[in-house]
1. What about Ala37, is it away from the ligand (no atom under 14 Å from the Cβ) and among the hydrophobic types (A, V, I, L, M, F, W, C)?
2. So, in segment 120-150, exactly how many residues are within 16 Å of the ligand (Cβ to nearest atom), touching a helix residue (DSSP H, G or I) at 6+ places or on another chain (Cβ under 9 Å) and not hydrophobic (A, V, I, L, M, F, W, C)?
3. Restricting to segment 106-118, name every residue that is away from the ligand (no atom under 14 Å from the Cβ) and either aliphatic (A, V, I, L, M) or surrounded by 24 or more Cβ atoms within 10 Å (Cβ to Cβ) (or both).
4. Starting from residues that are crowded, with 17+ Cβ neighbours inside 10 Å and in a loop (DSSP other than H, G, I, E, B), keep the ones in segment 217-248 and report whichever is modelled with the lowest pLDDT.
5. Just one of Pro110, Pro95 is out of contact with any helix residue (DSSP H, G or I) (no Cβ under 8 Å at 6 or more places or on another chain) and free of Cβ contacts under 8 Å to residues at least 12 places away in the same chain; which is it?
6. Considering segment 57-78 alone, what residues qualify as being free of Cβ contacts under 8 Å to residues at least 60 places away in the same chain, of a type in the set (Asp, Glu) and surrounded by fewer than 20 Cβ atoms within 10 Å (Cβ to Cβ)?
7. If you check Ile79 against the conditions, is it away from the ligand (no atom under 16 Å from the Cβ), modelled with pLDDT under 95 and in contact with a strand residue (DSSP E or B) (Cβ under 6 Å, 6 or more places away or on another chain)?
Amino acid sequence: MNAPTGRMTDFIRKQTYETEVLQLRRRLAKVHRILTAGGMWPLTKGHASARIPGTDKVLILGHIHATGRSLDQVDVDDIVVVNLEGEWLEGEIEPVDERYLHLEIMKARPDVMSVVHAHSTYATAFGVADVNILPVGNRGAIFGPSVPILQFDRQIDTPERGRMVSDLMGKGCAVVLKNHGVAVASDSIENACITAFALEETAHLHWIAAQLGPVQRISTGEVQSVLTGARKAEFFAHAWGHYAKLDPWDGMNRPV
Ligand SMILES: [Zn+2]
């Protein structure tokens, strides 16, 4: 058989890219449904994003909230493509206004492949009260030494506002947005989803513990051992199966 021509090689490369992007779209749509089912955005508003590896393009939710749709049925066609500057490149639905929250974090952090913006109740309450969430309990170590609070309560709908979130996050994985919600970042779509749940579970536990007495954070040594090395991979690997089951499409004969 003859070696593929240049045109054939380009065709195969394009097909491979499109298949990879479709897989990312499916995973991202699934995470929206899971976060909705898990109550991470009580008013069904919020969004997740994913960088397309090796490009300056990002997959993000279209503004389906504008038509009153719930995020419990997000599908691949609801995901659109923007570049890191926020320009809308592909897709039928205008991207969400707060895309700059995602994009500025990704610009500053090449290690970040996915961002979730949620309005989870307990974590948001800490911002309302101006109390930092501490690393407590089984799920809290990744949030050490504490979760910063952005002292700004408006929409993150410009690059400048996105940079405020990114600057505050620094090398961490979470920020609480005062009177608004949270932003979390991770190295994959699934891990960003797990981080959003872990932040809410940690905030909930911190709040309950605070009713009982002084809150004792996880030791620095334990935080370090989870934040670095193999235990970090373990932290995420053991959790995904649990959250994946929340997908209302799980077990249905659909390409999820
Ligand atoms: Zn928001």
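1. So Ala37 fits the description; yes.
2. 3
3. If the condition is that a residue be away from the ligand (no atom under 14 Å from the Cβ) and either aliphatic (A, V, I, L, M) or surrounded by 24 or more Cβ atoms within 10 Å (Cβ to Cβ) (or both), then Met106, Ala108, Val112, Met113, Ser114 are the ones that fit.
4. It comes out as Ala239.
5. None of the other options fit; the residue is Pro110.
6. Correct list: Asp75, Asp77.
7. no
The values are calculated or read from the model by the stated rules, or taken from the named source; none is laboratory data. Worth saying up front: this structure is predicted, and the values here are computed from it rather than measured. Every residue, glycine among them, receives a Cβ derived from its backbone with ideal geometry; neighbour counts consider all protein chains shown.
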